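Engineer: One structure, pasted below without further comment.
The values are calculated or read from the model by the stated rules, or taken from the named source; none is laboratory data. Just so it is clear, the structure is predicted and the values come from calculations on it, not from any experiment. What goes into the accessible areas is simple: the full protein's heavy atoms, side chains included, and nothing from ligands, DNA or RNA. Shrake-Rupley method; radii C 1.70, N 1.55, O 1.52, S 1.80 Å.
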Amino acid sequence: MESDSKLEDLRSVLSCVFEKLGAESLTEPDRIELVARAEVVQDQIDAIEDVIDDEERVRVGTTPVPSGDRLF
């Protein structure tokens with residue numbers, strides 16, 4: 001699935017960013033930029049995971065029925 005590949009790529013990028021954040025020679029401006037990048041990547045990961053969760057619910061058939069709707 002394409003989203004699984006994209007998710008894995010983003011997780012790899014996030015891991016690299018965290019690795020760079022651990023460097024002792026990192027300047028404060030670089031640290032601020034890396035934290036901002038990490039937040040953007042994490043937001044993208046969260047968005048993809050939300051889509052995957054929604055697709056899973058639809059596939060399994062657990063989409064909630066709005067209250068007040070009668071089935072019969």
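Engineer: Could you tell me whether any residue of region 27-50 is modelled with pLDDT under 90 and either open to solvent by less than 80 Å² (accessible area, probe 1.4 Å) or farther than 22 Å from residue 2 by Cα (or both)?
Structural biologist: no
Engineer: Looking at region 10-26, which of the residues that are of a type outside the set (Gly, Ala, Ser) and more than 26 Å from residue 46 (Cα to Cα) is modelled with the lowest pLDDT?
Structural biologist: So, considering only residues that are of a type outside the set (Gly, Ala, Ser) and more than 26 Å from residue 46 (Cα to Cα), the one modelled with the lowest pLDDT is 24.
Engineer: Considering region 1-26 alone, what residues qualify as being assigned to a helix (DSSP H, G or I) and open to solvent by less than 80 Å² (accessible area, probe 1.4 Å)?
Structural biologist: Within region 1-26, 3, 4, 5, 7, 10, 12, 13, 14, 15, 16, 17, 21 qualify.
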